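See below for the structure under consideration.
Where a number appears in this text, it was derived from the coordinates with a stated rule and is not lab data. This is a predicted model, so every value here is computed, not measured. Every residue, glycine among them, receives a Cβ derived from its backbone with ideal geometry; neighbour counts consider all protein chains shown.
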Amino acid sequence: MTSVSFEKRGNVGLITLDNPPINLVDDDLLLELGKALDEVDRSEVRAVLLHAVGDHFGPGVNVKTTFSGVNSKGARKMLAGAIPMVLRFEQLDLPVVCAVQGFCFAASLELALRCDVIVASDDAKFAQVERDIGAATYLGGIYLLAERCGPARAREICLTGERYDAAIFERWNIVNRIVPRIAIHRCAGVGTKVCGRSDKSVCGEQAIASRISRPRY
């Protein structure tokens, strides 16, 4: 069983995270995510929706399997593979929508932040909890947060490790829209609306906006 799948639904490509019981990020999930992005590249979709099965989008990295026994050299090697993979979301000349429910912490939040639009359920909870294990943000979270909510808020989120609800993240311009929990898995409609024009102007606008606003790291 794969932890990530890709499906083409009209002009929208659906990338589904399904790593039970709570969608922890691990090496296998990142590998499968890369394969799903390969399928996006080969398809003719004009927008992508990233979403997760189950009660939670994800609480972050599986610390026991990902970091156990890893020294500084191994950590650098691990990041050298993980960072280029998640950067592929930003390098797509397509709009990417992320639908989030339940817990969205640490590396799972950083995956969402790599997308252009974040739609959250009204019960979603967000946090960068790396400080709890004495680590920095794994996939560039502090930079991605600063892009959306400013450096001061980004430092607060990462240094305190506090949990925030969807309403606060929407107010701070991190989340674009809040929907009832029952509606979160219908967010394919947002992707359909984004790519609904007959031309590729939306893709062009997304590519230009990405190059203007996003730092490269």
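For the pair residue 159 and residue 83, how long in nm is the line joining their label points, each one 7 Å along Cα→Cβ?
Once both label points are built, they end up 2.3 nm from each other.
Can you order the peptides 112-120, 153-161, 24-32 by their average number of other Cβ atoms within 10 Å per residue, highest first? Before the final figure, lay out each step's value.
Working: 112-120: 24.6, 153-161: 16.9, 24-32: 19.2.
Highest-to-lowest ranking by the protection proxy: 112-120, 24-32, 153-161.
Calculate the FRET efficiency for residue 41 and residue 2 from the Cβ-Cβ distance with a Förster distance of 22 Å, rounded to the nearest 0.05. Can you show the working numbers first?
Working: r = 18 Å, r/R0 = 0.81.
It comes out at approximately 0.80.
Pull up all non-local amide H partners of residue 61: gap of 5 or more, or a different chain, and H-to-H distance under 5 Å with H placed in the peptide plane.
Those lying under 5 Å, H to H, from residue 61 are 25, 107, 108.
For region 4-42 and region 83-121, compute the distance between their C-alpha centroids and round to whole Å.
Their Cα centres are 12 Å away from one another.
Measuring from label point to label point, each 7 Å out along Cα→Cβ, what is the residue 91 to residue 31 span in nm?
Each label point is offset 7 Å from its Cα along the Cβ direction, giving 2.0 nm.
Tell me the label-point distance for the pair residue 170, residue 65, using the 7 Å Cα-to-Cβ offset, in nm and rounded to one decimal.
Once both label points are built, they end up 3.4 nm from each other.
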